[in-house]
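Trainee: If you scroll down you'll find the structure; I have some questions about it.
The values are calculated or read from the model by the stated rules, or taken from the named source; none is laboratory data. These figures come from a predicted structure and were not determined experimentally. Using ideal geometry, Cβ is built from the backbone for each residue, glycine included, and neighbour counts are taken over all protein chains shown.
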């Protein structure tokens with residue numbers, strides 16, 4: 001399907017929170033990949049499907065080792081783990097020393113992730129520096145997304161970084177690609193803030209466009225560390241992330257026609273716990289009868305119920321064709337600017 005690389009410039013926090021929020025509401029099958037050469041923290045930040053810790057030895061490092069010898073895209077899933085709630089993740093390196101060892105492999109890893117036919121891959125690329133080996137992965141992405149805040153200093157750095165990314169992609173035979181920009185801002189000032197950032201980018205003809213705004217919502221960011229629930233689903237963070245996700249997906253190539261998935265990705269015949277976290281489908285109801293055609297990511301003409309752990313929101317259930325559940329009913333619209341609560345800065 002497609003690789004979406006999400007990053008920030010120096011001093012712009014919020015990349016990990018942004019990719020977690022986008023992956024949680026992504027309208028197509030999705031894999032979250034930690035591709036930060038400085039080291040990621042999902043291994044320590046979020047629990048595995050069984051409630052324990054994720055395995056730091058299984059993820060980007062094991063995939064990179066396999067990529068040296070040649071690897072088929074479907075073999076990515078041998079290195080994937082599940083978070084508590086069902087989200088598929090490819091955990092990254094844990095420090096910069098390990099990241100430096102991947103300098104020659106960012107391109108091959110990017111090509112494998114971009115060739116995944118079973119899911120879109122959202123890659124957390126951390127904070128970008130000067131052009132280097134890590135840009136080889138960006139060159140394989142269908143979309144490059146920069147996360148920024150709206151302060152003057154960060155917008156100036158954003159313009160410079162967008163220009164550097166454009167130059168790096170041209171050098172790698174990817175001319176003309178625009179960088180999408182997600183602005184973290186107070187929801188009450190979204191319209192003004194997004195217009196100002198767009199104008200600043202246009203003044204210098206930066207190869208970038210504003211993709212949308214993500215609410216500066218500290219409570220929502222904290223809830224994102226736990227199990228999905230009504231409070232998180234109604235948070236400004238998730239509701240604005242959903243708008244951004246839908247906009248980004250609209251610019252991606254259409255998903256391929258459903259085809260049978262490998263055996264390890266087929267829906268299970270019962271809801272009993274399985275011995276391996278990969279055996280459960282990502283954010284998909286577990287079938288109580290025979291697996292449906294199309295496997296893990298096939299057509300779901302006959303919805304079977306909620307996913308374990310990370311329950312889908314009412315809006316997401318409706319978009320996937322699931323029947324409404326619970327007393328909450330349809331989600332209320334976003335509040336207008338005059339009534340939105342004033343959130344604080346999200347944690348990374």
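Trainee: Of these, 39, 51, which one is outside any helix (DSSP H, G or I), at positive phi and in contact with a helix residue (DSSP H, G or I) (Cβ under 9 Å, 6 or more places away or on another chain)?
Mentor: 39
Trainee: So, one more: Only residues that are within 23 Å of the chain's Cα centre (by Cα) and more than 16 Å from residue 5 (Cβ to Cβ): list them for region 182-196, please.
Mentor: Passing the criteria: 183, 184, 185, 186, 187, 190, 194.
Rundown of residues vs (1) surrounded by fewer than 23 Cβ atoms within 10 Å (Cβ to Cβ); (2) outside any loop (DSSP other than H, G, I, E, B); (3) touching a strand residue (DSSP E or B) at 6+ places or on another chain (Cβ under 7 Å), yes/no style:
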position: 17; (1), (2), (3): no, yes, no
position: 55; (1), (2), (3): yes, no, yes
position: 71; (1), (2), (3): yes, no, no
position: 93; (1), (2), (3): no, no, no
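Quick grid of which residues meet (1) at pLDDT below 90; (2) assigned to a loop (DSSP other than H, G, I, E, B):
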| position | (1), (2) |
| --- | --- |
| 64 | yes, no |
| 117 | yes, yes |
| 122 | no, no |
| 126 | no, no |
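Trainee: Are any of the residues in region 82-89 farther than 24 Å from residue 114 by Cβ and surrounded by 18 or more Cβ atoms within 10 Å (Cβ to Cβ)?
Mentor: So far as region 82-89 goes, yes, one or more of its residues are farther than 24 Å from residue 114 by Cβ and surrounded by 18 or more Cβ atoms within 10 Å (Cβ to Cβ).
Trainee: Any chance region 170-181 includes a residue that's under 16 Å from the mean Cα position of the chain (by Cα), more than 25 Å from residue 108 (Cβ to Cβ), at pLDDT 90 or above and not in a loop (DSSP other than H, G, I, E, B)?
Mentor: Within region 170-181, one or more residues are under 16 Å from the mean Cα position of the chain (by Cα), more than 25 Å from residue 108 (Cβ to Cβ), at pLDDT 90 or above and not in a loop (DSSP other than H, G, I, E, B).
Trainee: Ok, one more. Touching a helix residue (DSSP H, G or I) at 6+ places or on another chain (Cβ under 8 Å), over 21 Å from residue 248 (Cα atoms) and buried (at least 20 other Cβ atoms within 10 Å of the Cβ), is that true of residue 147?
Mentor: Here the answer is no, as residue 147 does not meet what is asked.
Trainee: Here's something else I'd like to know. May I ask you to list the residues in region 129-142 that are out of contact with any helix residue (DSSP H, G or I) (no Cβ under 6 Å at 6 or more places or on another chain) and crowded, with 19+ Cβ neighbours inside 10 Å?
Mentor: Within region 129-142, 138, 141 qualify.
Trainee: Inside region 138-153, can you point out the residues that are closer than 26 Å to residue 215 by Cα and modelled with pLDDT of 90 or more?
Mentor: Once the filter is applied, which keeps residues that are closer than 26 Å to residue 215 by Cα and modelled with pLDDT of 90 or more, region 138-153 yields 138, 141, 142, 143, 144, 145, 146, 147, 148, 149.
Trainee: While we're on this one: More than 21 Å from the chain's Cα centre (by Cα), closer than 30 Å to residue 73 by Cβ and in a helix (DSSP H, G or I), is that true of residue 153?
Mentor: Answer is no for this residue.
Trainee: Next up: Out of region 8-32, which residues are under 19 Å from residue 45 (Cα atoms) and either without any contact (Cβ under 8 Å) to a residue 24 or more places away in the chain or out of contact with any helix residue (DSSP H, G or I) (no Cβ under 6 Å at 6 or more places or on another chain) (or both)?
Mentor: 13, 14, 15, 16, 18, 19, 20, 23, 24, 31 - these are the residues of region 8-32 that are under 19 Å from residue 45 (Cα atoms) and either without any contact (Cβ under 8 Å) to a residue 24 or more places away in the chain or out of contact with any helix residue (DSSP H, G or I) (no Cβ under 6 Å at 6 or more places or on another chain) (or both).
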